[in-house]
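Enquirer: I have a structure I would like to understand better, so I am pasting it below and will then ask my questions one at a time.
Just so it is clear, none of the values below were taken in a lab; they were calculated from the coordinates. What you are looking at is a predicted structure, and each value in this text was computed from that prediction instead of being measured. Neighbour counts are summed over all protein chains in view; Cβ atoms, including those assigned to glycine, are modelled from backbone coordinates with ideal geometry.
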Amino acid sequence: MKLLKDLCAVHAPSGDEAPMKEFLLSYISKQQKTWKVKPELIHGPEFQDCLILAFGNPRTAIFAHMDSIGFTVRYDNQLVPIGGPDADTGTLLVGEDSLGPIECKLVLNEEGRAFYEFGRAIDRGTGLTYKCNFRQHDDMVTTCYLDNRLGVYNALKVAETLEHGVIVFSAWEEHGGGSVQYLTKYLYERWQIKQALVSDITWVTDGVHHGKGVVVSMRDKNIPRKSYVDRIIAISQSSGVPFQLEVEGSGSSDGRDVQISPYPIDWCFVGAPESNVHSPNETVHKDDITAMVSLYEVLMAEL
Amino acid sequence: MKLLKDLCAVHAPSGDEAPMKEFLLSYISKQQKTWKVKPELIHGPEFQDCLILAFGNPRTAIFAHMDSIGFTVRYDNQLVPIGGPDADTGTLLVGEDSLGPIECKLVLNEEGRAFYEFGRAIDRGTGLTYKCNFRQHDDMVTTCYLDNRLGVYNALKVAETLEHGVIVFSAWEEHGGGSVQYLTKYLYERWQIKQALVSDITWVTDGVHHGKGVVVSMRDKNIPRKSYVDRIIAISQSSGVPFQLEVEGSGSSDGRDVQISPYPIDWCFVGAPESNVHSPNETVHKDDITAMVSLYEVLMAEL
Amino acid sequence: MKLLKDLCAVHAPSGDEAPMKEFLLSYISKQQKTWKVKPELIHGPEFQDCLILAFGNPRTAIFAHMDSIGFTVRYDNQLVPIGGPDADTGTLLVGEDSLGPIECKLVLNEEGRAFYEFGRAIDRGTGLTYKCNFRQHDDMVTTCYLDNRLGVYNALKVAETLEHGVIVFSAWEEHGGGSVQYLTKYLYERWQIKQALVSDITWVTDGVHHGKGVVVSMRDKNIPRKSYVDRIIAISQSSGVPFQLEVEGSGSSDGRDVQISPYPIDWCFVGAPESNVHSPNETVHKDDITAMVSLYEVLMAEL
């Protein structure tokens, strides 16, 4: 859980993913000697703050977004949301501006508009994220930013044994997208990749429960191609890994940008379910984490 | 009307267009020997479930979307809409899951949420579509899915005499798009196609009436380039084919995805008007169908 | 102010940008002999009605949208908005149809729906724009369409001394976009351009005031990459040019389409603030215009 805890504490709201990329490069440089295949690391100005790991002869790409929700400091103590945060008055927020590190309190007024409470004015444009409070109790993990540091964690675990595949660490997923479009371009032009898995976290619902396995989402606001989802379900069924099927009418992911990019790439969302979505207390069952990693290992081998 | 009737009965909600593609491939393989020009058939993994017919040296593309609205089965008898269906309690829905064919009833609760009534639970993720009830009375045709099987029908009729042009059968139009982006890429890179017509069905309104001709839409939610629409209107005027001009502030089509694709392709929506939009009783005047085919023949020759 | 006044009077609502392109080509052909560098003019069918000016070895692109808000004539005296116009009953609107020039009155009913009052019916699909009333008082300029003819003006002023850079005059910004996607494709494929500035007009708010300098927007509805915005702020601070920082949760610009295009191009909105947004009385402080031009000169040299 050390890796997951460290990931959840990285400050990287949408548009400021560079700290996550640095964390990943540092982690990978240390760990890859223990991996089955040493990946090619692809990054630089042509990829903004994104990072691609290429293993062997890839047919399938894993997308794991690095960014988190949060707030941008405006003026008059106002905060503008990044993505869709869901937190109460009193929540601790952290960040840094020209005067140094910040730990301030979130205040919501009666209309639900967000403000900060701090001993001084904070620089305009400063990004604030939840202060991480990583907790384990029984079989559950509770912390901010399981969405999507757990998706990143999953990708790093899968990387340990991956022989053929691409892992893509993307940006801006929580706030309008903007990186998946050029990332798919690269994947398709270099390897003609036509298969994607979205390593991200979904919601506990009436039909999806903690501890019942990783979720294969048959649709959310967007609808992936049926024949691709059916193949994934068939592989999941024969894998023996516990999994659940979800059908949603709302919610979105990097899958949306894969869908509308000018490349014929199928996608499917496969990830653990959480409760307390987008709050400082996102909660996931440890068995669902295990199932997520296991199912990705199977899917990346068999797809 | 036999072809139109058969088209309307094909089960192909957004994301599951493969059955329409198979229907089209089978129809075309039988019919193309009677066509003026035998088209090149372009499809395969690089086009997901889409299909392109290329005739001669194409300058203009017809887009006709294959998918329909419908519902996805969730759990607890819940249905999630695909696109924007408009149907009453009691409407018959059909589909198929692992236990066999399904014919069930739509039930709307007081909040308008959709459920199914059936003797057993249906597999999660199963797509349901309206049961087709094709009717003709006086000069009118009434059935589900004139939107857009009539647009497909129009394209197939135009194909009979087409010498130069491309016909594109697209996917996901009713639910967020996702195929037109890579289809325009192919059209532009191979033939530098810069002109598109959207073969789709629009609404009867205060200014557009049954039996008054095919509709040339000057705008909907999206605004096509004025100079292109003006050319189409000028050709329509000199064609002698009955047509009507529409101006709308809402509604969208494959034109939207043509517009926002990274290719400089003009588009214009040209199609018959219907009443009872997105219901099981979509109704079109037969004269407007005739006018639609006639105007497309002229436009494809003169644009 | 003569140039700005002339620009504001050009009729070019979204989708009908050709008149602005013609105005620009005519202006540039006369003026470019006085410019430091004679630009390459790039336009034609591959660019619809857009226009690109290329100077030297470009690293950074200025995007200035040519189109304006307005109305499309429907039937029964109805008007459909183009973009988000904000005008009162009695506002004069101008345009031209098959019967000749039009000057009519806008009428809003109690539900806020728009109609025109004119001595005759106007052709369906005719575009109407505000009648320009250009006024100067003290240090302020008031007219319709400072958004975005002032952004175009800024680009033309910067062109006078520009040595290396691209100026892009884009289309459809006020109504759904659709040109920036293929324009970025060209910029990236030809020059690998990864830096963009959006030359557009923003709002006077609680934190941004008339006469306090050009606005560098750290975010609006979309969030640009932090490292790029930070570089622009650092250059702005050392430039000595008066500037203000904005942080918004709504509003959008050509930056959005740069962001979601399949090219890794950073963008930042830099422009003067106005009051009476999208009305016939948009108002900007002259010092903010001066600051806008000055800051662009510095940014284009130093980025």
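Enquirer: Hey, what do the phi angles of region B:214-223 turn into as Karplus ³J(HN,Hα) couplings, whole Hz, using 6.51/-1.76/1.60 and θ = phi - 60°, x for Gly and Pro?
Expert: Coupling constants for region B:214-223: 5, 9, 9, 8, 6, 5, 9, 4, 9, 10 Hz.
Enquirer: May I pose another question? As I understand it, the value is the acute angle between the Cα axis of helix A:180-191 and the longest principal axis of the Cα atoms of chain A; what does it come to in degrees, rounded to 10?
Expert: Once rounded, one gets 30 degrees.
Enquirer: Using only alpha carbon pairs under 8 Å that are at least six residues apart, calculate the relative contact order of chain A and give it in whole percent.
Expert: Over chain A, the number comes to 23 percent.
Enquirer: Where does helix C:286-302 land angle-wise versus the long Cα axis of chain C, in degrees 0 to 90, nearest 10?
Expert: On a 0 to 90 degree scale, this one is about 40.
Enquirer: Starting from region B:7-82, pick out the trypsin sites (Lys or Arg not before Pro) whose DSSP state is loop and whose Cβ has at most 13 other Cβ atoms within 10 Å.
Expert: Filter output for region B:7-82: B:36.
Enquirer: Then there's this: Show the residues, 5+ positions off or on another chain, whose built amide H is closer than 5 Å to the amide H of residue B:244.
Expert: Those qualifying (amide H under 5 Å, at least 5 residues apart or on another chain) are B:214, B:215, B:216.
Enquirer: Each residue of region B:148-159 in turn: what ³J(HN,Hα) in whole Hz from Karplus with 6.51, -1.76, 1.60 and θ = phi - 60°, glycine and Pro shown as x?
Expert: Along region B:148-159, the couplings run 10, 5, 6, x, 5, 4, 4, 4, 5, 5, 4, 4 Hz.
Enquirer: Also, quick follow-up: Arrange C:180, C:258 by Cβ neighbour counts within 10 Å, fewest through most, would you?
Expert: C:258, C:180
Enquirer: Continuing with the same structure: For residue C:267, what residues show an amide H to amide H distance below 5 Å, using hydrogens built from the backbone and excluding near sequence neighbours?
Expert: So residue C:267 has HN proximity to C:196, C:225.
Enquirer: Taking chain B as the reference, fit the longest principal axis to its C-alpha atoms, fit the long axis of helix B:18-31 to the helix C-alpha atoms, and give the angle between the two in degrees, 0 to 90, nearest 10.
Expert: 50
Enquirer: Averaged over all directions, how much area does the convex hull of the C-alpha atoms of region A:110-179 cover when projected, in nm²?
Expert: 8.9
Enquirer: Pick from B:18, B:272, B:64 the residue whose mean-square fluctuation is largest in a GNM of chain B, springs joining Cα atoms under 10 Å.
Expert: Most flexible of the set in this elastic network: B:18.
Enquirer: Choose one answer from B:13, B:264, B:39: the residue with the largest mean-square fluctuation in a GNM of chain B with alpha-carbon springs under 10 Å.
Expert: B:264
Enquirer: Arranged by the count of other C-beta atoms within 10 angstrom, fewest first, what order do B:267, C:191, A:203 take?
Expert: Going from least to most buried by this count: C:191, A:203, B:267.
Enquirer: Shifting gears a bit: Report, ordered by chain and residue number, the lysines lying within cross-link reach of residue A:157, taken as a straight Cα distance under 22 Å and ignoring same-chain residues fewer than 8 apart.
Expert: Reachable lysines: A:2, A:5, A:21, A:30, A:33, A:36, A:38, A:212, A:286.
Enquirer: How about region A:95-193: which GluC sites (Glu not before Pro) there lie in a loop by DSSP and see at most 15 other Cβ atoms within 10 Å?
Expert: A:110, A:111, A:160, A:163
Enquirer: Next up: Give me the dipole magnitude in Debye, nearest 20, for chain C about the Cα centre, with unit charges on the beta carbon: positive for Lys and Arg, negative for Asp and Glu.
Expert: Roughly 820 debye for chain C.
Enquirer: Moving on to the next point. Take chain C, connect every pair of alpha-carbon atoms lying under 10 Å apart with a spring to form a Gaussian network, then pick out the residue of C:150, C:108, C:128 with the largest mean-square fluctuation.
Expert: Of C:150, C:108, C:128, the Gaussian network model singles out C:108 as fluctuating most.
Enquirer: Could you give me the ³J(HN,Hα) list for region B:227-232, computed from phi with Karplus coefficients 6.51, -1.76, 1.60 and θ = phi - 60°, whole Hz, x at Gly and Pro?
Expert: 5, 6, 4, 4, 4, 5
Enquirer: So if I take the centroid of the Cα atoms in region C:169-192 and the same for region B:3-81, what is the distance between those two points in Å?
Expert: 31
Enquirer: Given all pairs of different Cα atoms, what value in angstroms does the Kirkwood hydrodynamic radius of region C:70-130 take?
Expert: It is 11.3 Å.
Enquirer: What aspartates and glutamates does residue A:194 reach when the alpha-carbon gap must be under 19 Å and sequence neighbours fewer than 8 apart in one chain are set aside?
Expert: Those aspartates and glutamates meeting the cut-off are A:163, A:230, A:254, A:257, A:266, A:297, A:302, B:16, B:17, B:46, B:49.
Enquirer: Using the 10 angstrom Cβ neighbour count as an exposure proxy, how do B:29, B:227 rank, fewest first?
Expert: Ascending number of Cβ neighbours within 10 Å: B:29, B:227.
Enquirer: For region B:70-130, what is the relative contact order in percent, using Cα pairs closer than 8 Å and at least 6 residues apart in sequence?
Expert: That works out to 42 percent.
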